[in-house]
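One structure is given here, and the rest of the page talks about it.
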Amino acid sequence: MRTRGGFTLIELVLVISIVALLIMAVGLTSGVRENAKVHSAAESVKTLRTAAESYIAAGNMTYTGITVAGLQTLGYLPAAFSAIGSNPWGGNYAIAPNTDANKVDISLTGVSSFAAVRLSALFVNSAAATNYASNTWTITF
């Protein structure tokens, strides 16, 4: 009696199932990472907003002249906060007065369109406006 070489149908189904599970696991992991980046960025935006509100509460009438470095100098932001290349996508944070000096803009560069949509959704009830253009997401408070 001769034995035939090759794989049985059960072995093939098992291997294909394992490969499919691995592909799905990799896809799920990338989504988890992107969500973590979005939430990390949102926390930094909240920190910048709190610092900006402290700037106004200290007696400044408008946001004119506000910068990340200025907020650090005044002690509203930790000295370790870095605005350059430190957002979760490797871009920068910036804070500046809006065209209406009674409002402040916080911007993140290098943001993906998916992340911009998620960030905007997180701040839908607290922001005056959000904008996304040229990989830069801006929120106005």
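The values are calculated or read from the model by the stated rules, or taken from the named source; none is laboratory data. Quick caveat, the model's predicted, so the values are computed rather than measured. Cβ sites come from the backbone with ideal geometry, for glycine too, and all protein chains shown count toward neighbours.
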Query raised in the report: Of the numbered conditions (1) in a helix (DSSP H, G or I); (2) free of Cβ contacts under 8 Å to residues at least 60 places away in the same chain, residue 60 satisfies every one except a single condition; which is it?
Result: (1)
Query raised in the report: Which residue, of 51, 25, is touching a helix residue (DSSP H, G or I) at 6+ places or on another chain (Cβ under 8 Å) and part of a helix (DSSP H, G or I)?
Result: 51
Query raised in the report: Only one of 80, 52 is of a type outside the set (Phe, Trp, Tyr), under 30 Å from residue 94 (Cβ atoms) and free of Cβ contacts under 8 Å to residues at least 12 places away in the same chain; which?
Result: 80
**Report entry** Residue in the stretch 108-117 that is in a helix (DSSP H, G or I), surrounded by fewer than 17 Cβ atoms within 10 Å (Cβ to Cβ) and either aromatic (Phe, Trp, Tyr) or touching a Cys at 6+ places or on another chain (Cβ under 8 Å) (or both) present
**Finding:** yes
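Among the residues of the stretch 36-56 satisfying the criterion of being among the hydroxyl-bearing types (Ser, Thr, Tyr) and crowded, with 16+ Cβ neighbours inside 10 Å, which is farthest from residue 80 (Cα to Cα)?
The residue in question is 55.
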Query raised in the report: From 29, 50, which residue is within 27 Å of the chain's Cα centre (by Cα), closer than 30 Å to residue 124 by Cβ, modelled with pLDDT under 90 and of a type in the set (S, T, N, Q)?
Result: 29
Query raised in the report: Does residue 86 fit the bill of being in contact with a strand residue (DSSP E or B) (Cβ under 9 Å, 6 or more places away or on another chain), small (Gly, Ala, Ser), surrounded by fewer than 20 Cβ atoms within 10 Å (Cβ to Cβ) and under 23 Å from residue 31 (Cα atoms)?
Result: yes
**Report entry** Selection status of residue 38, aliphatic (A, V, I, L, M), within 19 Å of residue 111 (Cα to Cα) and not in a loop (DSSP other than H, G, I, E, B)
**Finding:** yes
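For the structure I just gave you, tell me whether residue 34 is acidic (Asp, Glu) and modelled with pLDDT under 90.
Numbers: acidic (Asp, Glu): yes; modelled with pLDDT under 90: yes.
Criteria met by residue 34.
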Query raised in the report: When you scan the stretch 95-141, how many residues do you find that are touching a residue at least 24 places away in the same chain (Cβ under 8 Å), hydroxyl-bearing (Ser, Thr, Tyr) and within 20 Å of residue 67 (Cβ to Cβ)?
Result: 5
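Yes or no, residue by residue, for (1) at pLDDT 95 or above; (2) closer than 21 Å to residue 36 by Cα:
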| position | (1), (2) |
| --- | --- |
| 101 | no, no |
| 104 | yes, no |
| 107 | yes, yes |
| 112 | no, yes |
| 115 | no, yes |
| 128 | no, no |
| 134 | no, no |
| 140 | yes, no |
Report task. Considering each residue of the stretch 63-77, count those that are among the polar types (S, T, N, Q) and without any contact (Cβ under 8 Å) to a residue 24 or more places away in the chain, and give that number. Result -> 2
Report summary line: Of the listed residues (101, 79, 121), the one being aliphatic (A, V, I, L, M), outside any strand (DSSP E or B) and closer than 17 Å to residue 47 by Cα is 79
